[in-house]
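One structure is given here, and the rest of the page talks about it.
Coordinate-derived values only; no laboratory data. Treat the numbers as computed from the prediction; the structure is a model and nothing was measured. Heads up, the Cβs are rebuilt from the backbone with ideal geometry, glycines too, and the neighbour counts pull from every protein chain shown.
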Amino acid sequence: MVPLLRRVLLASLGVAVAAATAAPAALPAVQPEHVSIERAVASTTSATGPHTFELYRHGAATKPVQWLACRAIDYRINTASEPAGMTAVIRSVMTSIGKQTGATFTYGGATTHTFGSTGFDRSTPTIYFAFTAKQDVAGQHFAWPGQIGVGGPAAAWYSTSSGSTFEAMTYGRVLLYTGFKGRVTGAGSTWQSLITHEVGHALNLDHRTTASDAMYPSLSVASPGRFSSNEVAALKSVLRRTSCDYTAFKRL
């Protein structure tokens, strides 16, 4: 069927922020701050009230846009400006998310995809990671203390001449600030907690109000470094594990 109407690249970005003390591993919690950007507001309808997800389905304000996860979701890393050892941390985080959700995430290797890129792999849903040492890039201002990461999902939908509609996540993206001085792994104000948070945004989770959740918008000693049971339940609802139409996905 030939697409009759197409809307592409609706995206939302979630920002992690933190405040500094003499010991980054023992940061106090700060007030939530949420920056959200959508490329095409006409392509999505947000649910009223507190948001669990970043993107909701076109014309279905209570249902989130889903990732096709019947097969593995790829993730790739742009290694430009990457701190030493960070690929291993990302791979560990993605393995942990896979174990928590039951979905499979496969490391696809290096990429030249930048945070501002709008191209994506039309055969496989993909999450793209990148790093920046710059403070002002892609419309974001990074600093330590301050904003240290940003992530978000992108989706597309089309209607066919028969009147049916297909919609799915096309890619996710994460940009991490190399000026962040937290510890590498473990709970608390760490790279592991930061990466988990931004991947949560890329997978379509919005911020949460509980400091012990991974999606709380600030890093602190309470940051868990992994998703809570409630967050896992939300993730499972956006990771479609049955009846995935990859043929339709290629048309997005």
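Need the full-extension length gain, Asp121 to Arg241, defined as separation in residues times 0.36 nm minus the C-alpha distance. One decimal, nm.
Separation in residues times 0.36 nm, less the Cα-Cα distance, equals 41.3 nm.
Using Cβ counts within 10 Å as a stand-in for footprinting exposure, how do Met94, Met169 rank, fewest first?
With the sparsest Cβ surroundings first, the list reads Met94, Met169.
What are the aspartates and glutamates whose alpha-carbon lies under 15 Å from the alpha-carbon of Lys236, with same-chain residues fewer than 8 places away excluded?
Cross-link targets: Glu54, Asp206.
Given R₀ = 25 Å, what would the calculated FRET efficiency be for Ala84 paired with Ala211, taking r from the Cβ atoms and rounding to 0.05?
Computed FRET efficiency for Ala84 and Ala211: 0.25.
Starting from the Cα of Thr160, step 7 Å along the direction of its Cβ; do the same at Arg183; then give the gap between the two resulting points in nm.
So the two model labels end up 5.3 nm from each other.
Which FRET efficiency value, to the nearest 0.05, do you get for Ala110 and Lys63 by plugging their Cβ-Cβ distance into 1/(1 + (r/R0)^6) with R0 = 41 Å?
For R0 = 41 Å, the calculated efficiency reads 0.70.
Determine which lysines satisfy two conditions relative to Lys181: a Cα distance under 21 Å, and not lying fewer than 8 residues away in the same chain.
Of all the lysines, those that pass the test against Lys181 - Cα under 21 Å, at least 8 places apart if same chain - are Lys134.
I need His141, His113 ordered by Cβ neighbour count within 10 Å, fewest first.
His141, His113
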